[in-house]
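The values are calculated or read from the model by the stated rules, or taken from the named source; none is laboratory data. In this text, all values refer to a predicted model and were calculated from it rather than measured experimentally. FYI the Cβ positions are ideal-geometry reconstructions off the backbone, even for glycines, and counts take in every protein chain you see.
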Amino acid sequence: MSAISPVRLNHAVLYVADLDRAVDFYTGVFGMTVAATEPRARAAFLRLPRSGNHHDLGLFGVGPQAPKQRGIGLYHLAWQVDTVDELDAARQVLLEAGAFTGASSHGATKSVYGADPDGNEFEIMWMLPRVDWGVYENAAPVDALDLPGELRRWTGVGTAGRLVPGSADTAEQVPS
């Protein structure tokens, strides 16, 4: 049997209790725009500001009566930012939105965490340049995040690869 060979996760879809509330959260906190809606399915499809994708997140409103399950299944979504400076800014946005739940260092990646109004958890992460992974090549520890120290070392270093130009603070980058 041949293996499937995707290049990355294209989008995620979440069930939410209140579609309008979820759209407000993701457009406000992440700056996403609504790319499309499908009223018959009570669905909205959102695009990240620097994404070249049709949509990065789908939301399907199922109403507040739907059971919230914890257990087997999706734990969280991870959204990558381009610089550690953006990670610091994301932490502040999450704090202001009352959505911040924690932070950690996984060696090659540095992360802050949050939850949307339905309790869906997400990670905002920044990755070290590939040449600097070193001992973290095959390790993913869960350590405390020293964000001030990471900012001193990595300010301005981009690692997200090719970004879609368009916002004032975004320059097109080539893959690292």
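Counting just the residues of the range 97-122 that are hydrophobic (A, V, I, L, M, F, W, C) and assigned to a strand (DSSP E or B), which one comes out surrounded by the most Cβ atoms within 10 Å (Cβ to Cβ)?
Of the range 97-122, the ones hydrophobic (A, V, I, L, M, F, W, C) are 97, 99-100, 103, 108, 112, 115, 122.
With assigned to a strand (DSSP E or B) added as a condition, the list becomes 100, 103, 112, 115, 122.
Numbers: Phe100: 18, Ala103: 18, Val112: 25, Ala115: 17, Phe122: 23.
In this case the residue turns out to be Val112.
If you take the residues in the range 66-96 that are part of a helix (DSSP H, G or I) and of a type in the set (Val, Ile, Thr), which one is farthest from Leu163 (Cα to Cα)? Explain how you work it out, then say what you get.
Filtering the range 66-96 for residues part of a helix (DSSP H, G or I) gives 84-96.
Subsequent filtering for residues that are of a type in the set (Val, Ile, Thr) retains 84, 93.
Details: Val84: 16, Val93: 21 Å.
Selected residue: Val93.
Please count how many residues of the range 130-148 are exposed (fewer than 11 other Cβ atoms within 10 Å of the Cβ) and modelled with pLDDT of 90 or more.
So in the range 130-148, the residues exposed (fewer than 11 other Cβ atoms within 10 Å of the Cβ) come out as 131, 134-135, 137-138, 140, 142-144, 148.
Still in the list and also modelled with pLDDT of 90 or more: 131, 134-135, 140, 142-144, 148.
Matching residues across the range 130-148 total 8.
Under the condition of being under 16 Å from the mean Cα position of the chain (by Cα) and under 16 Å from Asp20 (Cβ atoms), which residue from the range 31-61 is surrounded by the fewest Cβ atoms within 10 Å (Cβ to Cβ)?
Applying the filter and picking the extreme gives Thr33.
Please list, ordered by first then second residue, the pairs with beta carbon atoms under 7 Å, 6 or more apart or interchain, first in the range 1-26 and among the hydroxyl-bearing types (Ser, Thr, Tyr), second part of a helix (DSSP H, G or I).
Close Cβ pairs (under 7 Å, with a partner that is part of a helix (DSSP H, G or I)) do not exist here.
Name the residues in the range 64-90 that are under 26 Å from Ala44 (Cβ atoms) and at pLDDT 90 or above, would you? Walk me through it before giving the result.
Step one: filter the range 64-90 for residues under 26 Å from Ala44 (Cβ atoms), giving 64-70, 73-82, 86, 89-90.
The answer is His76, Leu77, Ala78, Trp79, Gln80, Val81, Asp82, Glu86, Ala89, Ala90.
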